[in-house]
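The next block holds one structure in the form of structure tokens; read it before the comments.
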Amino acid sequence: MSSLSSFFPSRFLNSMHANPRDRQTDPLSRLRFTLETMPGSRKYNFTSATRAEILAELYDAFWGPYAHLFLPNSNSSLPLHATLSEVQASAGQLKENQVLPGRPCGHIFKKGESCFRCKDCALDDSCVLCSRCFEATDHTDHNVSFFIAQQSGGCCDCGDVEAWRHPIDCPYHPYTPETAEYVSAFEASTLLNTPRAHPKTLTGQDIPPVKNYPYRASVPTELRESIARTIGYALDFVLDTLDSSPDETVVPVSDQDLRSQPSGDPLMHDLFAVVLWNDDKHSVEEVIDLLHDITNRPRDEASQLVDRIDDQGREIIEMSTNTARLLEIAQTIAQIDLGVTVRRAYDTFREQVSAVIIEWLLDLTRSRLSTDALVLREILAQELLSHRRNSSMLSAADQSRLPPTDIPDATRLDWLFLYHARLWKKPRLNLKEIYASLLTLGHEHKLAIASHFASVYHRIIDAYLLTDREAETSIKYFALQLFTVPSVALYIVRHHNIVSRLLAIIAAFFTNQIQDKRITYPPNPDAEIDVDTFPFKSKRFMPVFSDLRYLCHNEPVQQLIAHNREFITQFAKTCQIFMCINPNKRAASSHIEYETDAWISVFNVTLSLSRVIKVYGEAYSKATVGDLVAAISTVMHHILMCITVVDDRRDISRFPPVNFHEVVYGETTYKIINFDVMDGSISFHHSLQWLLAELFKHVDILDESSLQTVGLRSLRDVCLNKASEEAMLTIIDYPLRVLAMIAQIRTGLWVRNGFAIRGQLLHYRDFMLRELCYDQDLFILQTALVVLDPNTVIVSMLDRFQLLGYFSGATLHPSYDTSHLSGMVEEFLYVLVTVLTETASATKMPLPDAIRREIVHALAVGPCTFTDLVKRVAERMVDDVCFERVLKEVANFKPPESTTDFGTYELKDEAFDEVNPFFYHYTRNKREEVEVVLRNRLKKKTGVQDPVIVPRPLNITKGPFAALSSAFESEVLVQIFFYGIYNILTITDASGAAPASAEAILDQVLHLTMVAAVERPQVFSGLAVYKIYEEGKNLVDILCTFEHHEKYPTYKARVQWVLDQITLHQPDEVKRRRRIPDASEADVEDPNEAKKRAAKARKEAIMRQMKAQQASFAVNFEDIDDEDEDLTDTPEEPVSYGTCIVCQEELNNSKSFGSLGFIQPSRLLRRHPDGHQSYTNEALTCPESLDRAVTAPHETTFPPSNEQIKAAKRVHATNFDAFPSQFTRFGLHGSICSHMMHLDCFTVYSGSIRQRHRNQATRNHPESIPRKEYICPLCKSLGNVILPVVSAKPPELNSVAFPDWVRAAGISILKSKPDPVLESLQFRTGTGEFVFWTAQDSAYQSHLRVLDRPDSTELHKMVDTVMVVAKNISQQSRHLRERSEPDPGERGAGMYLPEELVGYTLSALEVALRGQGSPGKTVADNVTDSQYRMLRGLLTCLTKLVSLNFKGRPDEGREAVRQAIIKRLLPEWSRTSFTSFSHPLLLRDPFTILIETAAVAPDMLKHVLVLTYYAHLARTVLLSRTQACRSKPCSDGVEGTDDSNKARSQPQLLRYTM
């Protein structure tokens, strides 16, 4: 016995020696004995009976002799397998008590339950309502959404004063002012109190019972102690068990490693268990197959096992003493990255017991003691917040089981937070639900739990980022319920320094300071960042940034940030780490060989960080002038320290040395930074500049009157108080480099950098990131205009865009060719227009006004759906509560008119007055579209033929940016105006044509000129007259020349307006230079109109002359051969089909190209079900045409009113029976995404996909290489083929009358000779089908095995893509097809492509277009151009297959196939003995023959259509008669009623007659 004492703790041995009768009198001792001995007594086999026994012992120890206080009807025990809450609920004890003012709802959401969110009422998106509270409150006209809870754990926030903007007046949880006053007083005292040097976490003794609860039950002291001791022991048992549980699912390498694992088994039994863990990376079927193979289980049993794993989170799959066998199983499973562990059965059994204990604790939170619903949760909270006692399984030898040194005085709750990652799905969710229920007890409980969560937060993040196998159930997400409560967030930020610790975690993680699965804390500040390391590739870091954003979004925390400088200092240091990461350098001479995906990870980090920057900057709206000035100085200091300080650790690629040079522009010398964007390294990421921009946006605090209180006069003093002008130029130069790089990328100067650089550009300017990054860079530049000399800033911009020479008169550039130069000028002017005229940030535009502006400009382009609209507006604005309200104010909703239509929003007419065509989020195309709309509207409104859209004044009346309009007094700006117009006119006069981008450049220059005339009319007019430039001319001279320039008549009205404005201030100078038509010219009609009239007269004369010549030609030369006509034809211009989406080169006949398509198996089409009379009746009662809706369109309103809903009546009887699946038709469906690319580009792109799959083997790629799939580079649609694109020219149809054509066709066949080659290529069954049109034709050869002309080979390559996909599907779907086919390997095997690909696709297209027709149009009129292109491409593939089998013939076999088709159709040839058409025609689908005709003989489509149409009618009559004979005896005995082929063909007939 003494030897056993070393293994068992003393209390366990005492329980073994105790008298059984004594154990009966002490329920807790009996519970302890049962749990400690249960693994051995149950032989380590956990069953439902084991669970029931554990629950029974727990309840007995829990309530002792007081069971009657819990159980209804004075029951002394619970039913087997039942829980207390279930019994109380069935007895009605858990019904809601009376209304308690000030108490929150606290309803815990179950999985699958509805949760409601009201943006108008909620403080943030984390505040939700249960259905009961939502239905009881009024949310009329509010922005309401709902969702389904994906897992349990969240709670209803009704009654929580900190969750709502205003009281929501729930009758069940009424608002009390006292609660709100208490929270406000707590926040005020927390802000004033000095934080402790060592934060104190609240324990159970620090928390008083919930006050003012009227339903308190009298709890005997003995019962309270029994409850507390039982809960305490249960918690300690769970923690003792988890002490030896692993943090990760790692399989031991050897038997020795297995046996040396930590274990709580005192006797170290040699029985081990393999446990399989749940994950989201593997499919259910994959795991079932794996278990079936390695454990020899039947599939049904393996399936049940997998279901339990999915539900519980893990399950034992094998238990044995054969460790070699267990290790082999575990290592096999681990090879496919499934979580698996091998541990002693004793430990695994105790873990299963712990899961039952957690389930029991959860049940207690749902139960009551008599009428008291709080006391059990209060005792549970008190025990959780107490220290562990008598930890029987602790071992001092195992350091992992010692209390963590960085968490002093760890309580049970701390341990549970730390051990959460060691648990599995079900217990994890149960624990989170327990914690959520405790939060609803009261404010003190929230603070206590939050303080413990904050104290171990860094360890929780360690587990979440580095080891947790089930991230979605991590305790880290519990932060959402704590960090979004304002008073709680303030408390833990103030007393637990959580913001600083979070920033330290982010800094350490992204600098890869990770050791032993722990993030180093505190981090080394000198560590370097590397975007190719693990942290950037991890996808779990985003929620960590979200936690920081949640904390900083709370108003009390924002006040703390604004008034304490250490917060901005710490945040600036963190942002400094991410400055200029992943720089780009232009590839000048050769393409980049290997494009990495690192930029995607960097942008993901940027997106997360920039959102925090936005919230952090907004916090300074609560700051004083001194606080904001100090924050601006701090951020500027960190920027300069980052980019200017030279030391050994400086990364030259990220922060090149800062050099200045002097440039002369307009007779003035400027000292600016020397940097070449085409040669240097530039990063998109400047987090500190974005933070600085956010601080500059508080223009109300930076007003001159406010700044005077701290001894400063302007924003210039704020910035230059501790920094020089050169330092400020250095700060703004980094965003300026990005803007210049963007211009070069968009112009095409960075094409050799590949897709990666364009991807970065698209993300940087994307609507999601634009407001956080791109707009910030523009605003920094705008700020520089009011801080520094505008001339210096604009010259810096010209230098960075390398346009100093262009705007000095040099139209040739050393680095840019002509097209690139024009593009760069356009891009530069776009930036200039933006920084000079954009006023949202400069005036601190209220968010509702900003949202209104975005919506107005998004809809000015044209009506769009809600989905498209939110893609044009920044994410922050879409999420705001006022978005939909503003949308209703400025737009009208047009409801959909049919099932295929979409509801659209259309801008109200009065809102067009707010549209600025030069809105900085517009692209050039959108700006031009909006200008057309506005001009047409003005034309209609004023009657003026060429109206002028006059820009509105900036109206910046106060704040530091009131001086922005003074930039229009800049001499540099006037010089830009001059040369912007002068260079275009000079090039136009020299070449006789407008240069590239001329209209865009002139539009922008004139717009800026008009704005200058509005903002600074007097000074601008003086500069326009007295500043002399090229050829002794000034701006007025060039405007006067421009006014009447014959190449640019569309600008005349705008130039006239500018000159008129200058005339108001400089009348003599303008009058002397301006040419005004005299009275005689005025009487004459407008020269433009005269030119138009003369041109029209000349055109009509030429047309009459051509018509006469054609008539004469027809009379004199009507017998000339076609060959001579061909010789006289003029060569046609090459037809352009747009540009290749890869190389951007033009698509024409000079280079082979195709459309990206997708062929997939389908069962869309239905066949008529035999024996279902209702479907026959439905077909017979269909309207004559399915191209139009049955009912006439009627006025609809959306959403419908209650009266309309009540008055709505059913038009047809509802049939809830689904269509029988066995009567659907299998086939191949082709679709197209409308994008095209060169065949060579497609080959390269396909190779890049294969390379990506090889390089990223562990990634879940969107396409499958074995299925030949790819993703369209532009629209991301799935594809697997490339279809040839042929001319859209319609074929010339045979104009001979139908009887004459039939007779001529018969004669031509009689004259023809037998064709053995053709006969060998037809089916032996006599159907008339051709073997080369089958998907598995054994004689088909790819282009690699066939020598052909180059153009023909290119087409053959495209046919290969179709044949490979069709063959793969055909081989796998033989059991789904009913037609008779040759055996695989023979000619003619597989799907018949004319019928089962082209015919099926066309039929599906017709079904999709039903109900969309209009009078005078057929279904063909609704087919889109891209769909026509797809059909022509498929027919071209069929034609190519014919030519491959008739090599050497001039017509490539078309005539032979043509005659075979005619023989198949004409009845006399089917009856003759010397043809092979023994199979009846009506047993084939005549539509297929029509498709065959279109492929080889389109000229006779007109006549074949007649024949196939009559064949369809005949089939319908015969097969309808066949069905009638099946339902009752047939009097005339139709032959062939038992023919199975006819039976199978019948449904197809009815489809074509419907």
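The values are calculated or read from the model by the stated rules, or taken from the named source; none is laboratory data. If you're wondering where the values come from, they're calculated on a predicted model, not measured in any experiment. Positions of Cβ are backbone-derived with ideal geometry, glycine not excepted, and every protein chain shown enters the neighbour counts. Accessible surface areas use protein heavy atoms only, side chains included; no ligands, DNA or RNA. Shrake-Rupley method; radii C 1.70, N 1.55, O 1.52, S 1.80 Å.
Filter the stretch 55-85 down to residues that are under 28 Å from H445 (Cβ atoms), in contact (Cβ under 8 Å) with a residue 24 or more places away in the chain and outside any loop (DSSP other than H, G, I, E, B), then give me how many there are.
9
On the given criteria, is S367 in contact with a helix residue (DSSP H, G or I) (Cβ under 8 Å, 6 or more places away or on another chain), closer than 14 Å to W424 by Cβ and hydroxyl-bearing (S, T, Y)?
Against the criterion (in contact with a helix residue (DSSP H, G or I) (Cβ under 8 Å, 6 or more places away or on another chain), closer than 14 Å to W424 by Cβ and hydroxyl-bearing (S, T, Y)), S367 does not qualify.
In this structure, is H820 surrounded by fewer than 21 Cβ atoms within 10 Å (Cβ to Cβ), of a type outside the set (D, E, K, R) and in contact with a Ser or Thr (Cβ under 7 Å, 6 or more places away or on another chain)?
Yes, satisfied.
Report, by residue number, each residue of the stretch 152-177 that is of a type in the set (D, E, K, R) and open to solvent by 40 Å² or more (accessible area, probe 1.4 Å).
Within the stretch 152-177, R165, D169 qualify.
Results for (1) open to solvent by 10 Å² or more (accessible area, probe 1.4 Å); (2) within 44 Å of the chain's Cα centre (by Cα); (3) under 15 Å from V833 (Cα atoms), shown as yes or no for each residue.
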residue	(1), (2), (3)
T923	yes, yes, yes
V930	no, yes, no
P953	yes, yes, yes
T957	yes, yes, no
V974	no, no, yes
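Give me a count of the residues in the stretch 119-151 that are surrounded by 15 or more Cβ atoms within 10 Å (Cβ to Cβ) and either among the aromatic types (F, W, Y) or more than 30 Å from R428 (Cβ to Cβ) (or both).
Of the residues in the stretch 119-151, 10 are surrounded by 15 or more Cβ atoms within 10 Å (Cβ to Cβ) and either among the aromatic types (F, W, Y) or more than 30 Å from R428 (Cβ to Cβ) (or both).
Show me the helices (runs of 4 or more DSSP H) entirely contained within the stretch 677-770 in which 3 or more residues are among the aromatic types (F, W, Y) and in contact with a strand residue (DSSP E or B) (Cβ under 8 Å, 6 or more places away or on another chain).
Once the helices (runs of 4 or more DSSP H) in the stretch 677-770 are filtered for at least 3 residues that are among the aromatic types (F, W, Y) and in contact with a strand residue (DSSP E or B) (Cβ under 8 Å, 6 or more places away or on another chain), nothing remains.
Would you confirm whether or not the stretch 242-252 contains a residue that is surrounded by fewer than 13 Cβ atoms within 10 Å (Cβ to Cβ) and at pLDDT 85 or above?
So far as the stretch 242-252 goes, no, none of its residues is surrounded by fewer than 13 Cβ atoms within 10 Å (Cβ to Cβ) and at pLDDT 85 or above.
Got a sec? Which of R770, R752 is open to solvent by 10 Å² or more (accessible area, probe 1.4 Å), modelled with pLDDT under 90 and within 22 Å of T606 (Cβ to Cβ)?
The match here is R770.
For the stretch 1039-1090, which helices (runs of 4 or more DSSP H) that fit wholly inside it have 2 or more residues that are at pLDDT 90 or above?
Once the helices (runs of 4 or more DSSP H) in the stretch 1039-1090 are filtered for at least 2 residues that are at pLDDT 90 or above, what remains is 1052-1063.
Which residue, of A623, A588, is over 30 Å from L418 (Cβ atoms), loosely packed, with under 15 Cβ neighbours inside 10 Å and over 28 Å from the mean Cα position of the chain (by Cα)?
A588
Out of A448, A489, report the one residue that is out of contact with any helix residue (DSSP H, G or I) (no Cβ under 6 Å at 6 or more places or on another chain), in a helix (DSSP H, G or I) and open to solvent by less than 10 Å² (accessible area, probe 1.4 Å).
Checking each option against the conditions leaves just A448.
Can you tell me which residue within the stretch 351-373, out of those that are open to solvent by less than 10 Å² (accessible area, probe 1.4 Å) and more than 44 Å from the chain's Cα centre (by Cα), is farthest from I309 (Cα to Cα)?
The selected residue is D372.
For the stretch 595-654, what are the residues that are among the charged types (D, E, K, R) and either in a helix (DSSP H, G or I) or in contact with a Phe, Trp or Tyr (Cβ under 9 Å, 6 or more places away or on another chain) (or both)?
E595, R611, K614, E618, K622, D627
Which condition breaks for I568 when tested against (1) in contact (Cβ under 8 Å) with a residue 60 or more places away in the chain; (2) under 29 Å from R1250 (Cβ atoms)?
(2)
Could you list, in sequence order, the residues of the stretch 320-348 that are within 18 Å of P246 (Cβ to Cβ), at pLDDT 90 or above and open to solvent by 70 Å² or more (accessible area, probe 1.4 Å)?
Q331
Got at least one residue in the stretch 1515-1522 being surrounded by 20 or more Cβ atoms within 10 Å (Cβ to Cβ) and modelled with pLDDT of 75 or more?
yes
What pairs come out if I take residues in the stretch 1046-1075 that are within 19 Å of I949 (Cβ to Cβ) and pair them with residues that are of a type in the set (D, E, K, R) whose C-beta lies under 8 Å away, six or more apart or interchain?
T1050/D946; K1052/D946; K1052/E1043; A1053/D946; V1055/E1043; Q1056/E1043; L1059/E1043; L1059/R1074
With the condition being open to solvent by less than 50 Å² (accessible area, probe 1.4 Å), closer than 14 Å to I1159 by Cα and at pLDDT 85 or above, I'd like the helices (runs of 4 or more DSSP H) fully within the stretch 1316-1408 carrying at least 3 qualifying residues.
Output list reads 1350-1372, 1400-1408.
Can you work out which of the residues in the stretch 644-662 that are surrounded by fewer than 16 Cβ atoms within 10 Å (Cβ to Cβ) and of a type in the set (V, I, T) is nearest to I745 (Cα to Cα)?
By that ranking, first place goes to I652.
Determine which single condition H857 fails, assuming it passes every other condition in (1) of a type outside the set (A, V, I, L, M); (2) in a helix (DSSP H, G or I); (3) buried (at least 21 other Cβ atoms within 10 Å of the Cβ); (4) touching a helix residue (DSSP H, G or I) at 6+ places or on another chain (Cβ under 7 Å).
Unmet for H857, out of (1) of a type outside the set (A, V, I, L, M); (2) in a helix (DSSP H, G or I); (3) buried (at least 21 other Cβ atoms within 10 Å of the Cβ); (4) touching a helix residue (DSSP H, G or I) at 6+ places or on another chain (Cβ under 7 Å): (4).
All but one of (1) touching a residue at least 12 places away in the same chain (Cβ under 8 Å); (2) surrounded by fewer than 17 Cβ atoms within 10 Å (Cβ to Cβ); (3) of a type outside the set (S, T, N, Q) hold for P814; which doesn't?
Tallying (1) touching a residue at least 12 places away in the same chain (Cβ under 8 Å); (2) surrounded by fewer than 17 Cβ atoms within 10 Å (Cβ to Cβ); (3) of a type outside the set (S, T, N, Q), P814 fails exactly one: (1).
Would you call E225 open to solvent by 50 Å² or more (accessible area, probe 1.4 Å), under 30 Å from L58 (Cβ atoms) and part of a helix (DSSP H, G or I)?
Yes.
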